[in-house]
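Q: Mind having a look at this structure? Questions to follow.
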Amino acid sequence: MADEMETKGEKKYKYSIIIPTYNERLNIAIIVYLIFKHLRDVDFEIIVVDDGSPDGTQEIVKQLQQLYGEDRILLRARAKKLGLGTAYIHGLKHATGDFVVIMDADLSHHPKYLPSFIKKQLETNASIVTGTRYVKGGGVHGWNLMRKLTSRGANVLAQTLLWPGVSDLTGSFRLYKKSALEDVISSCVSKGYVFQMEMIVRATRKGYHIEEVPITFVDRVFGTSKLGGSEIVEYLKGLVYLLLTT
Amino acid sequence: MELADRAVGLLLSSISLSIFTYYTFWVIILPFVDSDHFIHKYFLPQDYAILVPVFAGIALLSLISVFIGMVMLKSKKKKA
């Protein structure tokens with residue numbers, strides 16, 4: 001592969017990939033397979049934080065552990081659905097890598113971009129590398145026009161109000177230096193996907209070096225993601241909250 | 001699909017750009033043109049340059065407030 005990263009002669013870092021799951025038994029096996037396929041020469045571990053999925057996600061992860069080894073795939077389950085933010089904190093406690101990658105389990109974040117995240121970090125020594133849909137080479141797939149316009153509008157609004165210094169606030173496909181993530185996550189209080197926005201805005205305000213790589217966001221293949229009136233209002237509330245507190 | 005979306009985007013951009021150009025011309029350049037010049041036929045009197053945007057803004061703001069209010073009421077009902 002052309003974009004496979006070169007690590008010869010460099011210090012090898014370890015990467016911890018945190019994947020929060022809830023009812024993702026169909027997706028988790030595919031995503032693990034793809035991560036192993038695209039990160040051949042990299043030392044990494046996958047930490048699955050499962051919020052007690054009733055569909056047997058954990059059984060699948062246990063099977064994967066037997067296949068790939070329990071040191072490569074870690075299952076850190078929680079008893080019930082406790083939310084995304086705490087899932088990251090929970091996973092972070094068990095992470096042993098120098099860097100932490102956060103991605104969704106629903107395949108909207110394709111593991112083929114992982115090498116470009118790692119490469120970007122090595123080139124620039126950034127504390128955070130975030131995937132962005134809003135630069136050349138990035139984009140969305142499988143969205144209708146309404147969804148695209150809403151997303152664009154939301155992003156323009158956030159850019160105008162918050163001056164975050166990054167082009168994509170709500171994307172959650174990111175690589176963090178472990179210490180940076182620990183620092184930023186401890187100062188975040190929001191829930192849901194305002195949380196993604198708060199993390200990157202707080203990181204900007206704290207002066208972390210943030211770099212971007214283009215990604216294509218694919219709408220979830222299995223299951224549905226919702227975007228209605230109440231999501232829009234939650235988003236606006238989050239924006240106002242961030243405007244006032246950062 | 002992708003191409004159609006692009007066309008819509010282009011259309012939206014060109015509409016907003018032409019409105020911007022028209023309005024700028026109306027407000028900034030037109031006061032310096034002689035009042036009997038033919039170009040005045042293509043523009044409303046200057047008063048409307050303030051009135052139209054103000055009313056459009058008020059309409060937009062009230063629409064947004066009504067929308068937010070309705071959604072909040074609905075979610076409150078759901079909780080109760």
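The values are calculated or read from the model by the stated rules, or taken from the named source; none is laboratory data. As the structure is a prediction and not an experimental result, all values here were calculated from the model. Counting neighbours? That spans all protein chains shown, and the Cβs are built from the backbone with ideal geometry, glycine included. These accessible areas exclude ligands, DNA and RNA; they are computed on the full protein's heavy atoms, side chains included. Shrake-Rupley method; radii C 1.70, N 1.55, O 1.52, S 1.80 Å.
Q: List every residue pair whose Cβ atoms lie under 8 Å apart, where the two residues are 6 or more positions apart in sequence or sit on different chains, the first residue falls within the stretch B:2-16 and is aliphatic (A, V, I, L, M), and the second residue, located anywhere, is open to solvent by less than 70 Å² (accessible area, probe 1.4 Å).
A: Here the result reads B:Ala4/A:Leu145; B:Val8/A:Leu145, each pair linking the stretch B:2-16 to a residue that is open to solvent by less than 70 Å² (accessible area, probe 1.4 Å).
Condition check ((1) in a helix (DSSP H, G or I); (2) of a type outside the set (A, V, I, L, M); (3) away from every other protein chain (no Cβ under 14 Å); (4) open to solvent by 100 Å² or more (accessible area, probe 1.4 Å)) across all residues:
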residue: B:Lys41; (1), (2), (3), (4): yes, yes, yes, yes
residue: B:Leu51; (1), (2), (3), (4): yes, no, yes, no
residue: B:Met70; (1), (2), (3), (4): yes, no, no, yes
residue: B:Lys78; (1), (2), (3), (4): yes, yes, no, yes
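Q: Next question, about the same structure. Any idea which of (1) open to solvent by less than 100 Å² (accessible area, probe 1.4 Å); (2) within 20 Å of the chain's Cα centre (by Cα) is the one B:Ala4 doesn't satisfy?
A: All conditions pass for B:Ala4, except number (2).
Q: Which of the residues belonging to the stretch A:146-162 are open to solvent by 50 Å² or more (accessible area, probe 1.4 Å) and without any contact (Cβ under 8 Å) to a residue 40 or more places away in the chain?
A: Taking the stretch A:146-162 as the starting set, the residues that turn out to be open to solvent by 50 Å² or more (accessible area, probe 1.4 Å) are A:146-147, A:149, A:152, A:156-157, A:159-161.
Selection gives A:Met146, A:Leu149, A:Arg152, A:Val156, A:Gln159, A:Thr160.
Q: Can you name every residue in the stretch A:126-147 that is farther than 14 Å from A:Val218 by Cβ and within 19 Å of the chain's Cα centre (by Cα)?
A: A:Ala126, A:Ser127, A:Ile128, A:Val129, A:Thr130, A:Thr132, A:Tyr134, A:Val135, A:Gly137
Q: Also, quick follow-up: Has the stretch A:73-84 got any residue that is small (Gly, Ala, Ser) and closer than 18 Å to A:Tyr176 by Cβ?
A: Narrowing the stretch A:73-84 to residues small (Gly, Ala, Ser): A:77, A:79, A:83.
Adding the requirement that they be closer than 18 Å to A:Tyr176 by Cβ leaves none.
No: zero hits.
Q: For the stretch A:18-74, how many residues meet the condition of being among the polar types (S, T, N, Q) and without any contact (Cβ under 8 Å) to a residue 60 or more places away in the chain? Reasoning before the result, please.
A: Quick first cut of the stretch A:18-74, residues among the polar types (S, T, N, Q) only: A:21, A:23, A:27, A:53, A:57-58, A:63, A:65-66.
Next cut, without any contact (Cβ under 8 Å) to a residue 60 or more places away in the chain only: A:53, A:57-58, A:63, A:65-66.
Number of matching residues: 6.
Q: I'd like the full set of residues that are open to solvent by less than 100 Å² (accessible area, probe 1.4 Å), out of contact with any helix residue (DSSP H, G or I) (no Cβ under 8 Å at 6 or more places or on another chain) and within 14 Å of chain A (Cβ to nearest Cβ), limited to the stretch B:7-39.
A: B:Ala7, B:Gly9, B:Leu12, B:Ser13, B:Ile15, B:Ser16, listed by residue number.
Q: So, one more: Can you name the condition, by its number, that A:Val233 falls short on among (1) in contact (Cβ under 8 Å) with a residue 24 or more places away in the chain; (2) buried (at least 18 other Cβ atoms within 10 Å of the Cβ); (3) over 25 Å from A:Tyr113 (Cβ atoms)?
A: (1)
Q: Hey, A:Trp143 hits all of (1) assigned to a loop (DSSP other than H, G, I, E, B); (2) more than 14 Å from every other protein chain (Cβ to nearest Cβ) but one; which does it fall short on?
A: Exception for A:Trp143: condition (2).
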